[in-house]
Structures are given as structure tokens and as C-alpha cells.
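Trainee: Here's a structure for you.
Values quoted throughout were computed directly from the atomic coordinates according to the rules given, and no laboratory measurement underlies them. All figures in this text were calculated on a predicted structure; none of them were measured in a lab. All Cβ positions, even for glycine, are placed from backbone atoms using ideal geometry, and neighbour counts span all protein chains on display.
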């Protein structure tokens with residue numbers, strides 16, 4: 001399969017890339033790792049007139065400690081994140097989720113920014129970012145803005161990014177060093193998009209009570225679902241198996257899962273509770289509490 | 001692919017019924033609809049421009065309304081094709097009074113999608129179709145309330 005004819009631009013600087021998008025944004029697509037866009041172009045489902053390749057912008061690939069959290073450049077390869085000690089230390093949920101993305105060759109080429117802007121609701125990174133309250137820096141010619149992850153994802157493959165904008169950086173607030181994180185998912189085969197994915201970060205205070213809980217799910221609606229009701233039920237409580245099950249059950253009515261040949265909507269909804277509970281139990285175990 | 005759902009619109013049933021048969025209202029509410037022209041009694045020619053992510057396509061198609069039972073229900077048949085594939089299907093649209101005023105609009109559709117988009121986009125089709133149906137009924141509700 002070969003793509004339809006397109007014009008190829010490889011800017012040497014972010015400003016140059018933003019200039020091209022300023023002029024031709026509506027007809028252009030930005031190429032990051034190309035792990036979704038290139039197959040779609042080869043199938044001729046996507047036919048952008050101009051392809052703006054960001055792979056020459058080395059300064060968009062970085063992982064830096066920032067305040068008590070982390071700043072990650074949008075062109076950072078998923079494989080780099082997977083192997084990063086500072087990610088494991090400062091954003092363990094991101095580290096946990098990364099090996100579940102596709103397969104090794106996909107992660108070697110695929111970028112964090114590409115996955116986020118593609119906004120597949122079953123992908124791991126959108127759920128991770130919503131759970132962690134990440135903030136995205138979007139640049140356009142002459143301006144930048146910051147958008148919280150919770151306001152970025154709109155619906156299937158759609159975000160609030162404008163056609164003339166590029167996602168340049170992801171800021172992750174720090175989580176408590178005592179927190180445990182876990183990301184679990186169910187898919188038909190390893191490497192497939194998840195039917196249901198759940199990520200949780202939980203910390204337990206000195207008195208054995210849950211100090212903070214963050215939970216987000218993927219695959220169960222048009223965008224990642226933050227399980228705020230469940231989080232509220234957990235905070236301040238002593239973790240027990242019954243409490244986790246009760247809190248996890250509250251996510252079911254908050255989901256709006258799709259139905260396809262792989263699984264019914266009902267199954268996905270049921271699994272949203274099961275995997276929330278498993279993510280919570282695994283996160284608590286890593287925080288030193290067996291439930 | 002079966003799609004079902006319902007939307008509540010706080011407008012009396014008679015008005016909702018009229019709106020769901022009004023080509024101008026339908027044109028404004030159908031996602032991506034650029035043109036909807038009458039070609040006969042209850043038959044229309046439609047042009048839809050639909051874009052989800054990098055996939056953009058223009059669909060040309062026909063819409064036919066039948067089995068009208070005012071102000072209860074009617075059947076809408078749709079067929080269309082474009083670059084990314086084709087869509088063929090029908091839906092029954094039924095209206096019922098809500099307690100305390102307003103109307104519940106329910107739909108039960110059977111839709112077939114074929115061609116490239118069905119082969120490659122299979123994982124998203126159900127979700128995107130549901131989202132478009134939601135957009136359509138949501139917009140009809142907005143238009144009706146704005147007119148009230």
C-alpha cells in the first residue's frame with residue numbers, strides 16, 4: 001500500500017514548523033512517530049496535503065525533573081520513557097503503562113506526544129495523563145497555551161488542539177514518594193489496544209489511611225474516564241478488600257463503552273470495575289499495604 | 001451494527017414531530033451535512049462532509065422517510081458512499097410524551113458500513129457512530145429549544 005500524493009516538509013526548528021501550520025494547518029498533518037498516521041495514510045484513509053515531520057526537532061525530545069514532578073518533551077520516544085530511571089522515580093504510573101503500548105518496534109518509534117494527540121481512547125497514555133493531572137503545552141505561531149489533560153481529550157481521535165498548534169511538552173505534577181502506582185489492562189492479545197485499561201496511584205499515610213487516590217480508565221468511552229467518585233470514597237479510609245470493591249463498582253455508571261466484535265459494552269463496563277479494583281490493589285501493594 | 005438510544009427534549013411532541021420531518025432542521029442537526037435537497041415526496045439527496053481525526057471524506061447519499069405514523073414514529077432509510085467507504089441502513093424514530101411535559105425521542109437503527117473504513121476503522125466505528133447519533137439528537141434538542 002502506498003499513500004496518496006502529499007507534500008513533505010521537515011522543519012529544522014519549532015518556529016519553522018509553526019509557520020508551516022500557520023499557513024496550511026487545515027491541510028496539514030503533523031508527523032511524530034508515525035505509528036498511527038502512516039498506516040492510515042498508506043490505507044489512503046488519511047490524505048493530508050502536507051506532512052510536517054517533527055523528527056528533525058531534537059529539542060522536543062527530553063525528560064527533565066521539574067519542581068517536584070517531570071517535564072517530558074512531546075517527541076520523546078516511548079522506549080526512552082520506558083527505560084528512564086527518572087520517570088520510574090517521579091512518575092511511576094507513566095513507567096508502568098509504557099511497556100503495555102503496542103510492541104517494541106512501535107515504542108521505539110512512537111512518541112508520547114504523538115500518542116496523546118492521536119487520542120485513541122483505548123491507548124494507555126491519555127488515561128495516564130488524566131490520572132496524573134498532567135498539563136500540555138500547545139504552541140502556535142506567536143503564542144503558547146497550557147491545557148490540563150482533563151480538558152484536552154474531546155472524543156474518539158479528537159482533542160481540543162487547533163490545526164495550527166503543536167504539542168511541545170507534557171508537565172507531570174509530582175506524586176508522593178510513598179505512593180504506589182499500577183496500570184493494568186485486558187486485551188485479546190498482548191500489544192493490542194486494550195478492551196479496558198485502568199491506572200491508579202494511591203498513597204497511605206502513617207496512620208494506615210489512604211491519603212490520596214487517582215484513578216483513570218481507558219477503552220470505556222470516547223475519552224479517558226477519571227473515576228472521581230471512587231477516589232472520593234477511598235480518601236481518609238483504611239484500605240480493605242470490601243472498600244476497594246465498593247469504590248471500584250462506582251466507575252461502571254460513569255463509563256460509556258463501545259461495543260464491537262471483541263467485546264460487548266456490558267462486558268467492558270463490568271471489566272471497568274474489575275480492573276479498577278485490581279489497579280487499586282496492585283498500587284496499594286506497591287505502597288506497602290496488602291489488601 | 002445495531003445502534004439504540006433515546007434523548008429527552010423539553011418540547012411538546014407535536015413540535016418535535018414537525019422538526020424531525022423538517023429538511024432544514026435535519027440539515028442543521030445532521031453532523032457534517034452540507035446539503036439536503038428534496039428529490040421527491042419524503043425523499044432527499046444529501047451531501048455530508050465527515051472528518052474524524054486524519055480521516056476526512058465527503059459522502060453523497062439518499063435519505064427516505066416512510067411508515068409515518070404522526071406523531072408517533074417513522075422510518076428513515078439512509079444510503080451513501082464516499083472515498084472512505086459506504087453506509088447503508090435504516091432507523092425507526094419514535095416519539096413518546098414524557099411525564100411533566102417534553103418528548104422522549106428513541107431510535108433503533110441497523111447500519112451497515114463497508115469499504116475501507118469498515119476494514120481499517122472497525123474498532124472505532126461503533127463508538128463514532130454512537131457519538132454522531134448523540135450529536136444529531138443533541139443538536140435537534142438545541143434547535144427545538146431555541147425555536148420555542
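Trainee: List the relative contact order of the stretch B:1-63 as a percent without decimals, with contacts defined as Cα pairs under 8 Å and 6+ residues apart. It would help to have the intermediate numbers written out before the result.
Mentor: Working: 66 pairs, mean separation 11.9, N = 63.
Reported as a whole number, the value is 19 percent.
Trainee: How would you rank B:92, A:50, A:72, going from fewest to most other Cβ atoms within 10 Å of each one's own Cβ?
Mentor: Values: B:92 14, A:50 18, A:72 27.
Least to most surrounded, the residues fall as B:92, A:50, A:72.
Trainee: Related question: Using only helices, what value at 222 nm comes out for chain A when you add -39,500 (n - 2.57) per DSSP H run of length 4 or more and divide by the total residues, to the nearest 500 deg cm²/dmol?
Mentor: Values: 12 runs with 99 residues, N = 291.
When only DSSP H runs of four or more count, the value is -9500 deg cm²/dmol.
Trainee: Largest first, please: the extent of the C-alpha atoms of the stretch A:186-233 along each principal axis, to the nearest Å.
Mentor: Computed over the Cα atoms, the extents are 41, 22, 10 Å.
Trainee: Can you give the average number of partner chain beta-carbon atoms within 10 Å of each beta-carbon in peptide A:152-162, as a whole number? Numbers along the way, then the final one.
Mentor: Numbers: counts 0, 0, 0, 7, 10, 9, 5, 1, 0, 0, 0.
Average neighbour count from other chains, rounded to a whole number: 3.
Trainee: Need the C-alpha centroid separation for the stretch A:163-239 versus the stretch B:11-44, integer Å.
Mentor: 43 Å
Trainee: Which whole-number percentage describes the relative contact order of chain A, with Cα contacts under 8 Å and a sequence gap of 6 or more?
Mentor: Details: 683 pairs, mean separation 45.2, N = 291.
Value for chain A: 16 percent.
Trainee: Measuring from label point to label point, each 7 Å out along Cα→Cβ, what is the residue A:71 to residue B:6 span in nm?
Mentor: 5.3 nm
Trainee: Which of A:264, A:36, A:158 moves the most in a Gaussian network model of chain A with Cα springs under 10 Å?
Mentor: A:264
Trainee: Can you tell me the alpha carbon radius of gyration of the stretch A:63-222 divided by the globular rule-of-thumb value 2.2 N^0.38 Å?
Mentor: So the Cα radius of gyration is 1.00 times the expected 2.2 N^0.38 Å.
Trainee: If you take each beta carbon of peptide B:118-130 and count the beta carbons of other chains within 10 angstrom, what is the mean? Show your work: numbers first, answer last.
Mentor: Values: counts 0, 2, 6, 5, 3, 9, 9, 3, 6, 13, 6, 1, 6.
Across B:118-130, the average partner-chain Cβ count within 10 Å equals 5.
Trainee: Ok, one more. When only C-alpha pairs under 8 Å and at least 6 residues apart count, what is the relative contact order of the stretch A:128-243, in percent?
Mentor: Across the stretch A:128-243, relative contact order equals 21 percent.
Trainee: How crowded by other chains is A:40-53, given as the mean number of beta carbons from other chains within 10 Å of each beta carbon?
Mentor: Values: counts 5, 1, 1, 7, 5, 14, 5, 6, 2, 0, 0, 0, 0, 0.
Shielding by partners across A:40-53 averages 3.
Trainee: Shape call for the stretch A:44-103 from the C-alpha gyration tensor, a ≥ b ≥ c root eigenvalues: rounded (a/c under 1.5), prolate (a/b greater than b/c) or oblate?
Mentor: Details: a/c = 3.04, a/b = 1.69, b/c = 1.80.
Note, shape of the stretch A:44-103 comes out oblate.
Trainee: Let me ask another. Which value results for Rg/Rh of the stretch B:22-66 when Rg is the Cα radius of gyration and Rh the Kirkwood radius based on the inverse mean 1/r?
Mentor: 1.02
Trainee: Give me the three principal axis extents of chain A from the C-alpha atoms, as integers in angstrom, largest value leading.
Mentor: Here the Cα extents, ordered largest to smallest, are 59, 45, 30 Å.
Trainee: Based on alpha-carbon positions alone, could you give the equivalent ellipsoid semi-axes of the stretch B:1-81 from the gyration tensor, as √(5λ), descending, whole Å?
Mentor: Numbers: eigenvalues 109, 52, 32 Å².
Taking √(5λ) for each Cα gyration eigenvalue gives 23, 16, 13 Å.
Trainee: To one decimal place, what orientation-averaged projected area in nm² is obtained for the convex hull of the Cα set of chain B?
Mentor: On the way: hull surface 33.7 nm².
The orientation-averaged projected area of the Cα hull of chain B comes to 8.4 nm².
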